[in-house]
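Here is the structure we will look at, set down as structure tokens.
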Amino acid sequence: MTPPVSLTRYLIEEQRAGRINADLRLLIEVVARACKSISIAVGKGALGGVLGDAGSGGRASINIQGEAQKKLDVLSNEILLEANAWGGHLAALASEEMDVSLPISDDYPRGNYLLLFDPLDGSSNIDVNVSVGTIFSVLRCPEGVSEPRDEHFLQPGTAQVAAGYCVYGPSTMLVLTVGNGTHAFTLDREIGSFVLTARGMRIPEETREFAVNMSNQRFWEPPMQAYVGDLLAGKDGPRGKDFNMRWVASMVADVHRILTRGGIFSYPLDSKCAAKGGKLRLMYEANPMAFLVEQAGGAASTGRQRMLEVQPTGLHQRVPVFLGSRQEVEAAVRYHREHDARG
Ligand code: AHG
Ligand code: MN
Ligand code: MN
């Protein structure tokens, strides 16, 4: 029997192969350790006193997104900040839960990487015991920058050197890419270690499953209306096959299903979120997921542009998202292209 490969061993082998350096290895180990702490907090549920909204005196705590923060959003953010503050591998961090980026304090050495994260994705599911997750993206700090600010994070997704998520479901899994395939590690709770359980994940090119919040249907743009209309028409429609639908409302859980068995995930532009550019955030939701999905043979698009080529203009910028099985993402893009060409 071959011995199990731990995350540590996987990373050391990537380092020996020259694909990552020691600092990036440490960074990923530190993020994984923070995810273990978050997993424990999430797993305690009501017993840990961590459910419900953040804030005090009956006043909700609102983040930069204008969304009410849950206690676990705040706690997960603090766990990631504390874990990454002192290791010397980072120059600065940015988070969904922080208005602006945070340079590493002068008390510690500054490294060459920038880390972005969505500390807890799927907040609406925390109180109902449905899977939530953490998403992260790693960029290089631009050469010669000793005081990193928000503008230094504004690099397209193609510049990511690593990305991943941790899903807190029936089991806790870390899914990671350093640009050499997408790999899944399952947390062995008895020994506290992530163990490689799926090497080189591949998303089936074709699918009969889509994920979208259908309650927004009447707010969508015409090409999205036409695309989903044809999916729903099934065997009798132009697509000639029946489709199934799933929507967890935790991007991490929906993307994890798609990486495992295929499908298309979409959070399109709708008239409610059009002014903001979309619902999901480019830098710490769409881009890391797009990197993971492309590394698994899938595709990711805004509907009009490859996700990883979008030039960011803001840390908390939002974008429409289509990602998953390659042929289905291409089909969704085609509906947009044909609609736009008609003018
Ligand atoms: P977050 O909890 O980090 O703010 O992200 C929630 C996101 C994403 O996880 C999910 O796909 C989407 O919001 C769900 O949106 P709806 O509630 O509109 O379906
Ligand atoms: Mn999120
Ligand atoms: Mn979040």
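Descriptive notes on the structure:
- Yes/no for SER95 being in contact with a helix residue (DSSP H, G or I) (Cβ under 6 Å, 6 or more places away or on another chain), modelled with pLDDT of 95 or more and not aromatic (Phe, Trp, Tyr): yes
- Considering only residues in the stretch 38-59 that are open to solvent by 60 Å² or more (accessible area, probe 1.4 Å) and aliphatic (A, V, I, L, M), the one that is modelled with the highest pLDDT turns out to be ILE40.
- Residue among ASN129, ASN112, ASN63 that alone is within 13 Å of ligand 1 (Cβ to nearest atom) and touching a helix residue (DSSP H, G or I) at 6+ places or on another chain (Cβ under 8 Å): ASN63
- All conditions but one from (1) open to solvent by 40 Å² or more (accessible area, probe 1.4 Å); (2) among the small types (Gly, Ala, Ser); (3) in a helix (DSSP H, G or I) apply to GLY240; the one that does not is (3).
- Filtered residue count, the stretch 116-140, keeping only those that are in a strand (DSSP E or B) and either charged (D, E, K, R) or within 16 Å of ligand 2 (Cβ to nearest atom) (or both): 13
- Residues in the stretch 319-343 that are surrounded by fewer than 22 Cβ atoms within 10 Å (Cβ to Cβ) and either part of a strand (DSSP E or B) or within 14 Å of the chain's Cα centre (by Cα) (or both): 0 in all.
- So GLU78, is it within 16 Å of ligand 3 (Cβ to nearest atom) and of a type in the set (D, E, K, R): yes
- From the list LYS235, LYS272, LYS279, the one residue that fits, being surrounded by fewer than 22 Cβ atoms within 10 Å (Cβ to Cβ), modelled with pLDDT of 95 or more and more than 16 Å from ligand 2 (Cβ to nearest atom), is LYS235.
- Scanning the stretch 127-153 for residues that are closer than 14 Å to TYR168 by Cβ and either open to solvent by 80 Å² or more (accessible area, probe 1.4 Å) or near ligand 3 (Cβ under 10 Å from one of its atoms) (or both) gives VAL128, ASN129, VAL132, GLY133, THR134, ILE135.
The values are calculated or read from the model by the stated rules, or taken from the named source; none is laboratory data. Here the structure is a predicted model, which means the values were calculated and not measured. Backbone-built Cβ (ideal geometry, glycine too); neighbour counts: all protein chains shown. Please note that ligands, DNA and RNA were not included when accessible areas were found on the heavy atoms of the full protein model with its side chains. Shrake-Rupley method; radii C 1.70, N 1.55, O 1.52, S 1.80 Å.
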